[in-house]
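Visitor: The structure under discussion is supplied below as structure tokens; questions concerning it will follow.
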Amino acid sequence: MRPFVWGQCDCCLAVCDALVAMGLPDPAAAYRGRYHCEETARAVMGGSVEDVAEREGARLGWPEVAPTLSRHGDVGVVQNSLMLRLGSRWVGKSLKGIVVTKHVRRAWRPLA
């Protein structure tokens with residue numbers, strides 16, 4: 001896996017790259033290449049990761065699902081990181097590397 005780089009391979013773009021690889025629309029298309037650090041990411045995205053997930057999920061028609069009812073391929077937010085449900089765990093990227101957790105705060109079901 002590529003190292004964390006703001007605007008190229010960060011917590012949001014890594015998950016969005018996986019969604020695109022699964023044949024889904026790119027929820028980060030409007031943000032790619034427009035930021036290079038945490039400060040510019042917040043400015044370009046207009047808020048936190050959770051704000052963007054909620055806004056882009058609504059724009060794409062992705063229903064919010066209870067995290068306890070999430071399934072493989074769903075998208076979630078924990079702390080300020082976007083995560084992807086893989087099997088029984090949530091996986092994402094952080095400045096320190098790969099993050100794996102059992103729980104997220106909110107989740108959405110990506111639809112084609």
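Read the figures in this text as sums done on the coordinates, not as results from a lab. Model, not experiment: these values are computed from the prediction. Virtual Cβ from ideal backbone geometry, glycine too; neighbours counted across all protein chains shown.
Visitor: With the crude spin-label approximation of a point 7 Å out along Cα→Cβ, what separation in nm comes out for residue 98 versus residue 66?
Guide: Here the answer is 3.0 nm between the modelled labels.
Visitor: Additional query: Please give the FRET efficiency for residue 86 paired with residue 43, using the beta carbon to beta carbon distance and R0 = 35 Å, rounded to the nearest 0.05.
Guide: Numbers: r = 31 Å, r/R0 = 0.88.
My answer for the efficiency is 0.70.
Visitor: On to the next question. Below 8 Å between Cα atoms, with a sequence gap of 6+, how large is the relative contact order for the chain in percent? Mind showing how you got there, number by number?
Guide: Numbers: 197 pairs, mean separation 31.0, N = 112.
The value is 28 percent.
Visitor: Diagonalise the Cα gyration tensor of the range 1-94 and give the resulting equivalent ellipsoid semi-axes, square root of 5 times each eigenvalue, largest first, whole Å.
Guide: Working: eigenvalues 81, 43, 32 Å².
With the √(5λ) rule applied to the range 1-94, the semi-axes are 20, 15, 13 Å.
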